[in-house]
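*Asks:* Provided herewith is a single structure, encoded as structure tokens, for subsequent inquiry.
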Amino acid sequence: MTETTDQAADPNLRNDLEDIYGRYEELRSGVDELQRSVATMQVSAESETGEIRATVDADGLLIDLRLNPDACREWSPETLARVIVETVQHASAGKSRQIEQLVTNHRSNEDA
């Protein structure tokens, strides 16, 4: 009698383990995709007037800066510097929002 119960439990246990392993593989794949998305992320922002464009990577490091030549000629060095810093900060803030959105989407996919 015990032997029959053990044999009946084995398929159930096997099915449970297969389900758990399948879910693990899905989660692992999702985490890998999330890591790839963050690692390759680039976020750009423009100044209010569009004269400056800054792009940052996933670490918030400046990787590209575009300046309109008119801004370089017409703005004082202090104004130019201030607008560059503000634009880089906006790009970095956008990066943070984008990462938050990726993580939120990843979590909602896990719950589904």
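Here's the yes/no breakdown for (1) assigned to a loop (DSSP other than H, G, I, E, B); (2) more than 22 Å from the chain's Cα centre (by Cα); (3) modelled with pLDDT under 95:
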residue: Val56; (1), (2), (3): no, no, no
residue: Gly60; (1), (2), (3): yes, no, yes
residue: Asp64; (1), (2), (3): no, no, no
residue: Cys72; (1), (2), (3): no, yes, yes
residue: Arg82; (1), (2), (3): no, yes, no
residue: Arg97; (1), (2), (3): no, no, yes
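*Asks:* Out of all the residues in segment 50-100, which are surrounded by 12 or more Cβ atoms within 10 Å (Cβ to Cβ), closer than 23 Å to Ala39 by Cα and among the basic types (Lys, Arg)?
*Replies:* Arg53, Arg66, Lys95
*Asks:* Please identify the pairs in which a residue from segment 75-87 that is aromatic (Phe, Trp, Tyr) has its Cβ atom under 8 Å from the Cβ atom of a residue that is assigned to a helix (DSSP H, G or I), counting only partners at least 6 apart or on another chain.
*Replies:* Trp75/Val83
*Asks:* Which residue, of Thr87, Thr49, Thr104, is in a helix (DSSP H, G or I), modelled with pLDDT under 95 and of a type in the set (S, T, N, Q)? Can you show your working first?
*Replies:* Details: Thr87 fails: modelled with pLDDT under 95; Thr49 fails: in a helix (DSSP H, G or I).
Going through Thr87, Thr49, Thr104 in turn, just one is in a helix (DSSP H, G or I), modelled with pLDDT under 95 and of a type in the set (S, T, N, Q): Thr104.
*Asks:* When the residues of segment 34-46 are filtered to those that are of a type in the set (Val, Ile, Thr) and not in a loop (DSSP other than H, G, I, E, B), which remaining residue is surrounded by the fewest Cβ atoms within 10 Å (Cβ to Cβ)? Even if it seems obvious, please write down each step before you answer.
*Replies:* Narrowing segment 34-46 to residues of a type in the set (Val, Ile, Thr): 38, 40, 43.
This time we only want the ones that are not in a loop (DSSP other than H, G, I, E, B), so: 38, 43.
On the way: Val38: 16, Val43: 21.
The qualifying residue surrounded by the fewest Cβ atoms within 10 Å (Cβ to Cβ) is Val38.
The values are calculated or read from the model by the stated rules, or taken from the named source; none is laboratory data. Here the structure is a predicted model, which is why all the values come from computation and not from measurement. Here the Cβ is made from the backbone with ideal geometry for all residues, glycine too, and neighbour counts use every protein chain on show.
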